[in-house]
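What follows is one structure encoded as structure tokens, with my remarks underneath.
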């Protein structure tokens, strides 16, 4: 199995086996900087294929992860998040009929999420290539930033054609909701909601890897 894939999808190894999955990354930030964070991994569009694969021991030379292994990873991730200062009310749900996994929590400040993700990486729950310093906020300056992440294009270019196909139909959605009203943003790829209190980016994961779309966004509030 390619090192790139190991470092990218260490948390949910079933994603190695299908290209049809979605990742939803959502935050809801209050005026004081506290809020709620949610990440959802959804492979329901491939549930028939995954149900068949889950009964196998290996496929294409790769070990098929079993339900207890996946549950153990998610539960360990929850324990690590619970132990991160500033993070509370950690909840997980695992729907193995539809292959949807969710983790949510509350935070005192958005940088607590960065710290929690960094701990997941340190404990080998997240792959090494998953960015962790995702968000920053300046309450006094009335700004919120989705930080720039590294490009993995050089790693992707070294992959075999078969391994590249895992990203063909994979989707990523970022939703950022705020109590304050958005005055401006630097990335026009994010759609601004009619009430100007949320922004949303939808992208193919491959476009993000190849830097055809950027996640970076600096948001100013009124």
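Tabulated results
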read-out: Any hit, segment 101-111, residues being surrounded by fewer than 18 Cβ atoms within 10 Å (Cβ to Cβ) and closer than 20 Å to residue 215 by Cβ; value: yes
read-out: Test result for residue 130, modelled with pLDDT under 95 and under 30 Å from residue 184 (Cα atoms); value: yes
read-out: Residue 171 vs. criteria within 25 Å of residue 42 (Cα to Cα), surrounded by fewer than 19 Cβ atoms within 10 Å (Cβ to Cβ), at pLDDT below 95 and in contact with a strand residue (DSSP E or B) (Cβ under 6 Å, 6 or more places away or on another chain); value: yes
read-out: Top-ranked residue of segment 72-102 - restricted to ones that are under 13 Å from residue 119 (Cα atoms), part of a helix (DSSP H, G or I) and out of contact with any helix residue (DSSP H, G or I) (no Cβ under 7 Å at 6 or more places or on another chain), ranked as modelled with the lowest pLDDT; value: 76
read-out: Where residue 148 falls short, out of the listed (1) modelled with pLDDT of 90 or more; (2) farther than 26 Å from residue 43 by Cα; value: (1)
read-out: Those residues of segment 130-164 which are over 14 Å from the mean Cα position of the chain (by Cα), surrounded by 15 or more Cβ atoms within 10 Å (Cβ to Cβ) and without any contact (Cβ under 8 Å) to a residue 60 or more places away in the chain, in sequence order; value: 136, 164
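The values are calculated or read from the model by the stated rules, or taken from the named source; none is laboratory data. On a predicted model such as this, the values are computed, not experimentally measured, just so you know. Reconstructed Cβ throughout: ideal geometry from the backbone, glycine too, with neighbour counts over all protein chains shown.
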